[in-house]
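Following: one structure in structure tokens, then a few remarks.
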Amino acid sequence: MIAIYPGSFDPITLGHLDIITRGSQLFEKVIVAVLSNPSKKPLFTVEKRIEQITYCTKNLSNVEIDSFAGLTVTYAKLKSAKVLLRGLRVLSDFEKELQMAHTNKTLQEDIETVFLATTKEYSFLSSSVVKEIAQFGGEIAHLVPKEIAEDVYSYYQKL
Ligand code: ADP
């Protein structure tokens, strides 16, 4: 069974990587799909994010990286995927994620959303937290893979 793991991944964190790794043990193939959303102002271009995720997942043979625009269910259908993989951290995620899962179900009945609970040491971790710390020069080495930390710091140094 093919699962799509859609998200912004701006940038990918150890929390995302944990979901990808665990998802890759459950599904035949996991497609990490970077959402191209022009209304959000991302730190990294979609191409750069694809490059970063590809690097971080190079040891996972059944993980593919791609990007998409528009509806996730349309993209999932195109890829013959039956599952949308999402991560749950805290109660506030739950409301948003459940609404999204229900909406997607009304659009495409045969696609299921599967949630993986965060590994507890990453339950506070989001791409936004990483950016908030890095812009003030704080330590992010425990939050993102090493190469990603370098990219994030160089972004803020160039500003
Ligand atoms: P989006 O903008 O679609 O929420 P994100 O890149 O923020 O994109 O997140 C993608 C998915 O990964 C979401 O389901 C989110 O809940 C999940 N996720 C993000 N951080 C973590 C984490 N630390 N642990 C588990 N799941 C996470």
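The table below lists the values:
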read-out	value
Qualifying residue in region 91-103 (condition: part of a loop (DSSP other than H, G, I, E, B) and either surrounded by fewer than 18 Cβ atoms within 10 Å (Cβ to Cβ) or within 12 Å of the ligand (Cβ to nearest atom) (or both))	no
For VAL130: the one exception among (1) more than 11 Å from the ligand (Cβ to nearest atom); (2) assigned to a helix (DSSP H, G or I)	(1)
Scope region 11-20; condition surrounded by fewer than 24 Cβ atoms within 10 Å (Cβ to Cβ) and either at pLDDT below 95 or within 7 Å of the ligand (Cβ to nearest atom) (or both); matching residues	THR13, GLY15, ASP18
Of the criteria (1) within 12 Å of the ligand (Cβ to nearest atom); (2) buried (at least 16 other Cβ atoms within 10 Å of the Cβ); (3) not polar (S, T, N, Q), which one LYS40 fails	(2)
VAL114 vs. criteria within 14 Å of the ligand (Cβ to nearest atom), exposed (fewer than 15 other Cβ atoms within 10 Å of the Cβ) and in contact (Cβ under 8 Å) with a residue 12 or more places away in the chain	no
Number of positions in region 59-84 that are over 21 Å from LYS105 (Cα atoms) and in contact (Cβ under 8 Å) with a residue 40 or more places away in the chain	2
Test: residue in region 50-67 that is under 13 Å from the mean Cα position of the chain (by Cα) and near the ligand (Cβ under 9 Å from one of its atoms)	no
Among the residues listed as THR113, THR106, the single one being among the polar types (S, T, N, Q) and assigned to a strand (DSSP E or B)	THR113
Close pairs from region 86-110: first touching a residue at least 60 places away in the same chain (Cβ under 8 Å), partner in a helix (DSSP H, G or I) and within 13 Å of the ligand (Cβ to nearest atom), Cβ under 6 Å, at least 6 apart	ARG86/GLU97; GLY87/ILE19
Conditions (1) within 14 Å of the chain's Cα centre (by Cα); (2) at pLDDT below 95; number of the one not met by PRO38	(1)
Odd one out for PHE124, checked against (1) part of a strand (DSSP E or B); (2) loosely packed, with under 14 Cβ neighbours inside 10 Å; (3) of a type in the set (Phe, Trp, Tyr)	(1)
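The values are calculated or read from the model by the stated rules, or taken from the named source; none is laboratory data. Please read these numbers as outputs of a predicted model, since none were measured by experiment. Positions of Cβ are backbone-derived with ideal geometry, glycine not excepted, and every protein chain shown enters the neighbour counts.
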